[in-house]
Amino acid sequence: MKRNLPLIVAFVSGVVILIAGFIPRDPFPRIESTLIDWFMIISSFAILLGQASLLRMNVIRVAEKAPNWQYYLAGIISFGLMLAFGLLWGMEKTPGLLGQGQGIVSQLGVKPFDYLFENAFIPLSSTMFSLLAFYIASAAYRAFIIRNFESNLLMLTAVIVMLGRTSFAPMLTGWIPDSLGWLRLPELTNFIMQYPNTAAQRAILISAALGIVGASLRIILGIERSYLGGGK
Amino acid sequence: MKKTLTGLLLALLACVLTAAAEQPAFSVQDNPWDDGTSVLVKWDLATGADSLSLQKADSLGVFQEIFKEFAQTGQYTDSSLEIGKDFRYRLVAYNQARGDSLVYQGSARTKAQWFDMNKLSLLILLVLICGAILYYIFSARRGKDLFIRRISGLDSMDEAIGRATEKGRPILFVPGISDLGDIQTIAALNILSHLAYKSAEYGTELLVPCRFSMVLSAARETVKEAYLKAGKPDAYREDKVFYVTDDQFGFVAGVDGIMLREQPAANFFLGAFWAESLILTETGFGTGAIQTAGTGQPHQIPFFVVSCDYTLIGEELYAASAYISRDPQQLGSLKGHDFGKLLVILLVLAGVVMEIIGAGWFKQFFEGGS
Amino acid sequence: MADIMTTVGIWLAAFFTLSIFSFLYKDNPFYKFAEQVFVGLSAAYWLVYTIYNILIPNLFDKLFTDFAGNWVLLIPMLLGIMMLLRMFTKLQWLSRYPLALMVGTSAAMSMLLSFKSDFVEQMAATMINPFKFASAVDVVGSIMVIAGTLCGVFFFYFSKKQEGFYKVPSKIGIWFLMVSFGASFGYTVMARISLLIGRLDFLLRDWLHIIK
Amino acid sequence: MKMPERSVVERRIVFLLLVLAVALPIIFPLGLKTQSTPLTEQVYDLVNSLPAGVPVIISFDYDPSTITELQPMAEAVIEHAWKKGHKIIATAMWPQGPQVAEMAFKDVQARMEKQNPSVKKHIYGEDFINLGYKPGGLVTIQGMGRSMEAIFPTDTSGLKYAEIPMLKPVRTLKDIRYVISLSAGDPGLRDWIMTANGKFNVPVAGGTTAVSAPGFLPYVNDQKQLHGLMGGLKAAAEYELLLGYEGTASLGMNPQSVAHILILAFILFGNIRAWKKRKADKLAQEARHG
């Protein structure tokens, strides 16, 4: 019972949505919009769940003095700080429990939540991802090796596209006569993107769409139940 | 002079004739195939008009302007209306140069429909493909032997294990950095069972670092079973399948360390990978290992192709997994998808021919009206 | 006061930026600290926004201001709370209901929507008459779109051994895929470099004032 | 754990060269000009084709990690829409979206005033509104197609939907004249294409990070699933060019171009080195086998 009732819930909600996709008449659209409202509220609880589990894991690590526990403590403190700022004074135009916090804004220039967002969150998250630029550079030097016809094709396209998307490209190939205009780097890049790339990406999209149809069908019919946890 | 004059006259006549032959200049109708909450207003104005005002009668019968963007031929959908009511519209087309205007009127009753005919093609195709998927899943369950081709990547994997055995060095298998909920991880574990069987047979050491505890226990189970099947349960060592850390880049650093320390002769990166893919393969390349990768993450495939010896591209990962596991669900779905692919190929070929011979209805049927 | 705090803010941002960059030299306490601060801030951000942007306007406001009209919302609220019970091993089974509702709904929706836009519409978009174009480049390009799409799809067709004649479309398919992966490669390099530009621009402009 | 000394040194040299290739052109701009491409022009034309007063959605589906690429696009599109007098509704599928939207509106107003002090002051609630973040991706967008108010009962400041003057004519997503999603991943542009365009026939255009741009091109087709696409910093620079100003994206194209050349050089040297090594290995092997 514990196992099958959720499967029935998934089946019914899925089938109603499928019917509403083809029959525009009430009651189906109405049930559909009710489900959508509910979906949004439940998924916001799911977000709460995710953050709460993360926090709990870090608290356990600190409590058990796991290796590097000091860093996890720093994480918990910054979590608490940001949460308190947000709840008390809100952010941007949103008021918090203590209203808009004019007093503190006159001191800081912005709300404390926004202050942390601009001066800590933004630099941290954007720098974290900019590390990837270095990894690409080092891999370009050490591992991007041409091997066979297929990978040569890949590299050749990559080189054209990388050159074609720089501001040097118009200068490099500006001398090519108009009659062969499509050979100029920017035009050639556009051609590659518009035709061969579109074709291959379309093949990938079509295959992936079939995959989604298959997976969704199995979920709605209860054939696939691994999302409920505990194996197949 | 005379010639130009006759020319002009003829042109004028042509204009008048075409105008007369045109469809009704203004039409108001219930928006077809919808939930009965909108009305479709269409117009096709005579030349000369340069601005317009579309008005709708309110509850007192007074016309209020609802739309005024000028277009020679255009349409406007008035939505969020009540079902089963009459609505009246008036279109005033001005010719400001001449200072006159034309007024058209029309009305329609909204009606909810039982089926959205624009989606007929969608429904037919969806039913066909879902039917095929279910048919194959159930025939696979009944034990019918379904054919799928062997992915050539599997051969090169066996070869890589052979090379590692020759060199007497271990092989490394990373089942992606996603948790067990990701089908890519499941597919990776299926392939792991094949590789573990081979490595047990050859007596080559197999290292499997994992990022999540759920993946860890599943991977241990898989390897153990494979060793048992190969008849070498004693060769299985639990500490060779191990947990590194949850942290994404921490995990990568850990695996990098293993590669440098243990110098595996063959690396397998199968499953879900993100930005770390190229850090792993770069290190592996540096140690001179034969590298095989496979992932469903489209953004990572290019990096794998240029830094690995063999790459399973997208769906090939699932196909390899289905080929090895013979799991009816995977196998049946894959066959069903294949049916869909065949259908696409045939329909597109037919569609191209139809477009060339000018039979536009075929393509339109699939586009659906809008 | 506000001016001083702005300067302090820029120094704070520079500190975090450099702490992350220090990982390039090697793993170190600054990086570990910055990483965990990021995790903490990010979790709090999600939490605050979920409360202020969704739970309050879409749930609590409605319940408090017009309970009679919105009592139905108690159901998703209850389901949401059941979702939170996932944290407790014993009550975990209760979270299966909201999960099943969400998974069923989104599976059906994404099935319909992606089948239409990624399958049917892509199929229709490939039904082109290549000879309707005036320029030779477009004619060749359209033929490439048709051939590339079909061969690409065939490459992922697993029910037939790719031998003899069937090897040809599959090979052409993989070539198209490789060209497209090359394009992705180029674009990814571009994206990663852009991110670095943003950070160095911050350090050179806002922090060091080397450029105005 | 320690890598062989040589490769560590090599790696650090590579890192240093990259920093120089990016930093120097930032300090000493080369004044490179960019060229616009059809895909960006299509987005521009869509915005340009509509008269003043129409309600439009700009969706901020990204977070600060990709602001270098997407923020200049957002600013350019906002400026263009404002110049045309469109009423901008900002939405977000990512929680950090409302915050970056706020920054973008502020910066565009400031820049426009700097260029032309007498420019119109755009008023919150009349010319633009920030409806905030909602989770759920395509499910939520589908909800907007039934009722915008049900999904967004208030804006981010707590103002009731019905009390916001510029939202009077907007009952459902169908009343929106175009959606431009600036998207760093999932949920984002794909959900808007599938739902806003696929289900409700609203024109959709987009700006994405360069990483995901190639994957969106199949949607740019005869059916107009997507009205043009801006991919990465280059496209943002193109949009700035079309609007006639040099913003952060245009300046960014200097280091971008130089760094591309550097990466290409790395690939070239790497391949030469690998080729030499392979040759040396072969010779050694032959020597061994006599």
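The values are calculated or read from the model by the stated rules, or taken from the named source; none is laboratory data. Treat the numbers as computed from the prediction; the structure is a model and nothing was measured. Neighbour counts run over all protein chains shown; Cβ positions are idealised from the backbone, glycine included. To get the accessible areas, we keep the full protein, side chains included, count just its heavy atoms, and leave off ligands, DNA and RNA. Shrake-Rupley method; radii C 1.70, N 1.55, O 1.52, S 1.80 Å.
Condition check ((1) part of a helix (DSSP H, G or I); (2) surrounded by 24 or more Cβ atoms within 10 Å (Cβ to Cβ); (3) out of contact with any Lys or Arg (no Cβ under 7 Å at 6 or more places or on another chain)) across all residues:
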{"residue": "D:Gly185", "(1), (2), (3)": "no, no, yes"}
{"residue": "D:Arg190", "(1), (2), (3)": "yes, yes, yes"}
{"residue": "D:Pro218", "(1), (2), (3)": "yes, yes, no"}
{"residue": "D:Ala235", "(1), (2), (3)": "yes, yes, yes"}
{"residue": "D:Leu242", "(1), (2), (3)": "yes, no, yes"}
{"residue": "D:Gly252", "(1), (2), (3)": "yes, yes, yes"}
{"residue": "D:Leu264", "(1), (2), (3)": "yes, no, yes"}
{"residue": "D:Lys276", "(1), (2), (3)": "yes, no, yes"}
{"residue": "D:Gln285", "(1), (2), (3)": "yes, no, yes"}
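B:Ser53 - would you say it is outside any strand (DSSP E or B) and not hydrophobic (A, V, I, L, M, F, W, C)?
Spelling it out, it is not the case that B:Ser53 is outside any strand (DSSP E or B) and not hydrophobic (A, V, I, L, M, F, W, C).
Among the residues of segment A:26-58, count how many are more than 7 Å from chain C (Cβ to nearest Cβ), within 20 Å of B:Asp246 (Cβ to Cβ) and in contact with a Gly (Cβ under 9 Å, 6 or more places away or on another chain).
Number of matching residues: 1.
Quick one: in segment D:55-81, of everything that is open to solvent by 10 Å² or more (accessible area, probe 1.4 Å) and within 23 Å of D:Thr154 (Cα to Cα), which residue is nearest to the chain's Cα centre (by Cα)?
Here the answer is D:Asp63.
Return the residue satisfying two criteria in turn: it lies in segment C:114-141 and is over 26 Å from B:Val127 (Cα atoms) and touching a Phe, Trp or Tyr at 6+ places or on another chain (Cβ under 7 Å), and of such residues it is farthest from the other protein chains (Cβ to nearest Cβ).
Taking the candidates together, the pick is C:Val139.
Please pick out the residue among C:Gly152, C:Gly173, C:Gly198 that is in contact with a Ser or Thr (Cβ under 6 Å, 6 or more places away or on another chain), in a helix (DSSP H, G or I) and small (Gly, Ala, Ser).
C:Gly198
Would you point out which residue out of A:Ile17, A:Ile23 is surrounded by 19 or more Cβ atoms within 10 Å (Cβ to Cβ) and facing another protein chain (nearest Cβ under 7 Å)?
Within the list A:Ile17, A:Ile23, the selection yields A:Ile17.
May I ask you to list the residues in segment D:143-155 that are of a type outside the set (Asp, Glu) and open to solvent by 10 Å² or more (accessible area, probe 1.4 Å)?
Residues satisfying the conditions are D:Arg146, D:Ser147, D:Ala150, D:Pro153, D:Thr154.
Can you pull out every residue in segment A:202-226 that is open to solvent by 20 Å² or more (accessible area, probe 1.4 Å) and more than 24 Å from B:Tyr135 (Cβ to Cβ)?
Within segment A:202-226, A:Ile204 is the sole residue that qualifies.
How about segment A:24-60: which of its residues are farther than 26 Å from A:Gly80 by Cβ and either touching an Asp or Glu at 6+ places or on another chain (Cβ under 7 Å) or charged (D, E, K, R) (or both)?
A:Pro24, A:Arg25, A:Asp26, A:Pro29, A:Arg30, A:Glu32, A:Asp37
Suppose the filter is touching a Lys or Arg at 6+ places or on another chain (Cβ under 9 Å), polar (S, T, N, Q) and open to solvent by less than 10 Å² (accessible area, probe 1.4 Å); does B:Ser277 pass it? First the steps, then the outcome.
Values: touching a Lys or Arg at 6+ places or on another chain (Cβ under 9 Å): no; polar (S, T, N, Q): yes; open to solvent by less than 10 Å² (accessible area, probe 1.4 Å): yes.
For B:Ser277, the condition - touching a Lys or Arg at 6+ places or on another chain (Cβ under 9 Å), polar (S, T, N, Q) and open to solvent by less than 10 Å² (accessible area, probe 1.4 Å) - is not met.
Can you pull out every residue in segment A:122-149 that is within 7 Å of chain C (Cβ to nearest Cβ) and open to solvent by 40 Å² or more (accessible area, probe 1.4 Å)?
Answer for segment A:122-149, where residues must be within 7 Å of chain C (Cβ to nearest Cβ) and open to solvent by 40 Å² or more (accessible area, probe 1.4 Å): just A:Phe129.
Return yes or no: is B:Gly294 within 14 Å of chain C (Cβ to nearest Cβ), modelled with pLDDT under 90 and within 33 Å of the chain's Cα centre (by Cα)?
Spelling it out, it is not the case that B:Gly294 is within 14 Å of chain C (Cβ to nearest Cβ), modelled with pLDDT under 90 and within 33 Å of the chain's Cα centre (by Cα).
In segment B:56-65, what residues are part of a loop (DSSP other than H, G, I, E, B) and open to solvent by 40 Å² or more (accessible area, probe 1.4 Å)?
Within segment B:56-65, the subset part of a loop (DSSP other than H, G, I, E, B) is B:58-62.
Matches in segment B:56-65: B:Asp58, B:Ser59, B:Leu60, B:Val62.
Give segment B:131-167 a look and list any residue that's open to solvent by 10 Å² or more (accessible area, probe 1.4 Å) and closer than 24 Å to B:Ala289 by Cα, or say none.
Of everything in segment B:131-167, those that are open to solvent by 10 Å² or more (accessible area, probe 1.4 Å) and closer than 24 Å to B:Ala289 by Cα turn out to be B:Ser152, B:Asp155, B:Ser156, B:Asp158, B:Glu159, B:Gly162, B:Arg163, B:Thr165, B:Glu166, B:Lys167.
Go through segment B:66-106 and count every residue that is within 22 Å of D:Pro169 (Cα to Cα) and either not aromatic (Phe, Trp, Tyr) or not in a strand (DSSP E or B) (or both). Give the derivation first.
Step one: list which residues in segment B:66-106 are within 22 Å of D:Pro169 (Cα to Cα), which gives B:66-71, B:74-83, B:85-92.
Pick out the ones that are also either not aromatic (Phe, Trp, Tyr) or not in a strand (DSSP E or B) (or both) and you get B:66, B:68-71, B:74-75, B:77-83, B:85-86, B:88, B:90-92.
Residues in segment B:66-106 being within 22 Å of D:Pro169 (Cα to Cα) and either not aromatic (Phe, Trp, Tyr) or not in a strand (DSSP E or B) (or both): 20 in total.
Got a number for residues in segment D:191-216 being within 10 Å of another protein chain (Cβ to nearest Cβ), in contact (Cβ under 8 Å) with a residue 24 or more places away in the chain and among the aliphatic types (A, V, I, L, M)?
Looking only at that region, the number is 3.
Since A:Gly109 meets every condition but one in (1) open to solvent by less than 10 Å² (accessible area, probe 1.4 Å); (2) over 25 Å from A:Phe191 (Cβ atoms); (3) among the small types (Gly, Ala, Ser); (4) at pLDDT below 95, which condition does it not meet?
(1)
Go through B:Ala272, B:Ala322 for me and flag whichever is at pLDDT below 95, open to solvent by less than 20 Å² (accessible area, probe 1.4 Å), touching an Asp or Glu at 6+ places or on another chain (Cβ under 6 Å) and not basic (Lys, Arg).
Of the residues listed, the single one that is at pLDDT below 95, open to solvent by less than 20 Å² (accessible area, probe 1.4 Å), touching an Asp or Glu at 6+ places or on another chain (Cβ under 6 Å) and not basic (Lys, Arg) is B:Ala272.
Would you mind finding the one in D:Lys106, D:Lys114, D:Lys121 that is surrounded by fewer than 24 Cβ atoms within 10 Å (Cβ to Cβ) and part of a loop (DSSP other than H, G, I, E, B)?
Sole residue among the options that is surrounded by fewer than 24 Cβ atoms within 10 Å (Cβ to Cβ) and part of a loop (DSSP other than H, G, I, E, B): D:Lys121.
Tell me yes or no: at least one residue of segment B:169-177 is over 22 Å from B:Thr281 (Cα atoms) and within 29 Å of the chain's Cα centre (by Cα).
no
Which one of these is at the interface with chain A (Cβ under 8 Å from one of its Cβ atoms) and either more than 17 Å from A:Glu32 (Cα to Cα) or basic (Lys, Arg) (or both): D:Lys160, D:Lys134, D:Lys174?
After ruling out the rest, the residue left standing is D:Lys134.
Condition check: more than 7 Å from chain A (Cβ to nearest Cβ), within 30 Å of A:Leu98 (Cβ to Cβ) and surrounded by fewer than 18 Cβ atoms within 10 Å (Cβ to Cβ). Does C:Phe67 satisfy that?
yes
Which condition does B:Met354 not pass, out of (1) more than 13 Å from chain C (Cβ to nearest Cβ); (2) more than 27 Å from B:Phe242 (Cα to Cα); (3) hydrophobic (A, V, I, L, M, F, W, C), if it passes all the others?
(1)
Inspect segment D:43-50 for any residue being modelled with pLDDT of 90 or more, β-branched (Val, Ile, Thr) and surrounded by 14 or more Cβ atoms within 10 Å (Cβ to Cβ) and give the result as yes or no.
yes
So D:Phe266 ticks every box in (1) under 27 Å from C:Ile211 (Cβ atoms); (2) without any contact (Cβ under 8 Å) to a residue 12 or more places away in the chain; (3) not acidic (Asp, Glu) but one. Which box is left unticked?
(2)
Could you say which residue among A:Gly90, A:Gly103, A:Gly80, A:Gly99 is of a type outside the set (Ser, Thr, Tyr), surrounded by fewer than 21 Cβ atoms within 10 Å (Cβ to Cβ) and under 26 Å from D:Leu131 (Cβ atoms)? Before you say what the answer is, go through the steps one by one.
Details: A:Gly90 fails: surrounded by fewer than 21 Cβ atoms within 10 Å (Cβ to Cβ); A:Gly103 fails: under 26 Å from D:Leu131 (Cβ atoms); A:Gly80 fails: under 26 Å from D:Leu131 (Cβ atoms).
Result: A:Gly99 is the single residue among A:Gly90, A:Gly103, A:Gly80, A:Gly99 that is of a type outside the set (Ser, Thr, Tyr), surrounded by fewer than 21 Cβ atoms within 10 Å (Cβ to Cβ) and under 26 Å from D:Leu131 (Cβ atoms).
Out of (1) under 28 Å from the mean Cα position of the chain (by Cα); (2) touching a residue at least 24 places away in the same chain (Cβ under 8 Å); (3) within 14 Å of chain C (Cβ to nearest Cβ), what's the single condition that is false for B:Leu270?
(3)
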